[in-house]
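Since the structure comes first, as structure tokens, the remarks are kept for the end.
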Amino acid sequence: MAGRAHGPAPGLGVSRVWRSPAERSGEWVEDGPDLKTDGVVRWRCADLRDRIAAKFNVHLHERSVGKLLKKMNFRQHVGASRAPAKRP
């Protein structure tokens, strides 16, 4: 088709509507949760989803929060593996 551009439109990504919640979510992840106010010791996507819903009245799926964090270059935290127990 003549005049049709290929690929996504420039500037797409996190929309303007999402910039504030996304930036705030990134700050929350960097700062870490507070046990007294947040009730958790480590952020999970479900916890962030609930906090986003409470602060911004935006309801996301847990997976969408994970995708948002991935776009902001946060990595998944994996605990250290434990060595198997020795048998006597």
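Couple of notes before you dig in:
- Residues of segment 33-80 satisfying the condition of being touching a helix residue (DSSP H, G or I) at 6+ places or on another chain (Cβ under 9 Å), among the small types (Gly, Ala, Ser) and not in a loop (DSSP other than H, G, I, E, B): 46, 64, 66
- Looking across segment 71-82 at every residue that is under 13 Å from the mean Cα position of the chain (by Cα) and farther than 13 Å from residue 23 by Cα, the one that is modelled with the lowest pLDDT is identified as 77.
- Selection within segment 17-32 - assigned to a helix (DSSP H, G or I) and either modelled with pLDDT under 85 or touching a Phe, Trp or Tyr at 6+ places or on another chain (Cβ under 8 Å) (or both): 17, 18, 19, 20, 21, 22, 23, 24, 25, 26, 28, 29
- Where a residue in segment 40-54 is touching a residue at least 24 places away in the same chain (Cβ under 8 Å) and within 13 Å of residue 76 (Cβ to Cβ) and its partner, wherever it lies, is part of a helix (DSSP H, G or I) and not acidic (Asp, Glu), with Cβ under 8 Å and at least six apart: 45/63; 45/65; 45/66; 45/69
The values are calculated or read from the model by the stated rules, or taken from the named source; none is laboratory data. Predicted model, so just to flag it, every value in this text is computed and none were measured. With ideal geometry, Cβ positions are generated from the backbone for all residues, glycine too; neighbour counts draw on all protein chains shown.
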